[in-house]
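Peer 1: Just passing along the structure, written as C-alpha cells.
The values are calculated or read from the model by the stated rules, or taken from the named source; none is laboratory data. Values in this document were obtained by computation on a predicted structure and should not be read as measured data. Heads up, the Cβs are rebuilt from the backbone with ideal geometry, glycines too, and the neighbour counts pull from every protein chain shown. The accessibility values were calculated without ligands, DNA or RNA, using every heavy atom of the protein model including side chains. Shrake-Rupley method; radii C 1.70, N 1.55, O 1.52, S 1.80 Å.
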Amino acid sequence: MSAPVRASRPARLTGARPVPARPVVAPTPYGLDDLLDLTREIAAEVRAGRHEVVVDPERRWYKLLRSDGLLDVWLISWATEQIAELHDHAGSIGALTVVSGTLTERRWSGPSGLRTRSLRHGRGAGFPLGHVHDVANTADEAAVSVHAYSPPLSAMSYYDVEDVAGTTGHHRLRRTRTELVQPGQGVG
C-alpha cells in the first residue's frame, strides 16, 4: 500500500533560497515565532527605558504599545499576587516575554489538567489557537511582561477546571463566561 499523497505548499523566496511557507494557524500573517521575536524586541526596549512602567499594587497595570489592525502589543506590570484568571484568546494567537521578575503560567493540558511553568526574566512563551492558561506573579518582587496578539483580541473566554465524575485524576474545562474585547481595551 502506498503512502497518501500530500499537497505541497508553495515556497516563498528569500534571496535565491526557497523557504517553505509556514502553515496558517490563525487569520493573521504572523506566526508564533514572529510574535515571540516581537515581544523580545519590545522587552529589550522596556529594559532600555524606552517605555514607562507603572506598578499598581491594587490591579494589573497595562499599556497598549502598538496596534495596527493585524496585531496588538501590550506592556503589563504584575504586583505580587496579581493574576489573569484561566482564559483563552478566542481567535487570536499570542506570545509573551518576561521583561523582569518571574511569572507563573498554568496551562491546560487535557484530561490530566493544568501544567505549571515559571517564566523568568528574558523567557517567553507562545500561545497557539485554543491555548487556555492563567498567568500570575507569585513572587515577592513585581514582574513586567510584553504580550502580542494577532489578530488583536476580539473576545476572551474564562474557565473553571472540574473533575470528571467516575474517573481518577481526569479533569475538564467548564467555560464560565465569554467577554468581548473592544479595540484598545485592556487585556484583563
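Peer 1: Just the number please: accessible area per residue for the stretch 118-188, 1.4 Å probe, all protein chains included, in Å².
Peer 2: Details: 3640 Å² over 71 residues.
That works out to 51 Å² for each residue.
Peer 1: Okay, moving on. Could you give each residue of the stretch 30-47 its phi-based ³J(HN,Hα) in whole Hz, using Karplus coefficients 6.51, -1.76, 1.60 with θ = phi - 60°, and x for Gly or Pro?
Peer 2: 8, x, 4, 4, 4, 5, 4, 4, 4, 5, 5, 4, 5, 4, 5, 5, 5, 4
Peer 1: Related question: Taking square-rooted eigenvalues a ≥ b ≥ c of the alpha carbon gyration tensor, is the stretch 114-170 rounded, prolate or oblate, where a/c under 1.5 means rounded and, failing that, a/b exceeding b/c means prolate? Mind showing how you got there, number by number?
Peer 2: Numbers: a/c = 2.41, a/b = 1.38, b/c = 1.75.
Note, shape of the stretch 114-170 comes out oblate.
Peer 1: Could you tell me the distance between the Cα centroids of the stretch 20-89 and the stretch 101-162, to the nearest Å?
Peer 2: The two parts, judged by their Cα centres, are 12 Å apart.
Peer 1: Let me ask something else about it. Could you calculate, for the stretch 69-113, the ratio of the Cα radius of gyration to the Kirkwood radius, expressed as Rg to Rh?
Peer 2: Numbers: Rg = 12.9 Å, Rh = 13.2 Å.
Over the Cα atoms of the stretch 69-113, Rg/Rh equals 0.97.
Peer 1: Considering only DSSP states other than H, G, I, E and B, which trypsin sites (Lys or Arg not before Pro) in the stretch 32-70 qualify as loop sites with at most 15 other Cβ atoms within 10 Å? Intermediate values should be presented prior to the final figure.
Peer 2: Details: sites: ARG40, ARG47, ARG50, ARG59, ARG60, LYS63, ARG66; in loops: ARG50, ARG59, ARG60.
The qualifying sites are ARG50, ARG59.
Peer 1: When you count, for each residue, the other Cβ atoms within 10 Å and take the mean per peptide, how do 163-169, 139-145, 174-180 rank with the highest first?
Peer 2: Working: 163-169: 8.7, 139-145: 18.7, 174-180: 11.1.
Sorting 163-169, 139-145, 174-180 by mean packing, highest first, produces 139-145, 174-180, 163-169.
Peer 1: Within the stretch 43-110, list the GluC sites (Glu not before Pro) lying in a DSSP loop whose Cβ has at most 12 other Cβ atoms in a 10 Å radius. List each step's numbers first, then the result.
Peer 2: Details: sites: GLU45, GLU52, GLU58, GLU81, GLU85, GLU105; in loops: GLU52, GLU58, GLU81.
For GluC sites (Glu not before Pro) across the stretch 43-110 that sit outside H, G, I, E and B with at most 12 neighbouring Cβ atoms in 10 Å, the list reads GLU52, GLU58, GLU81.
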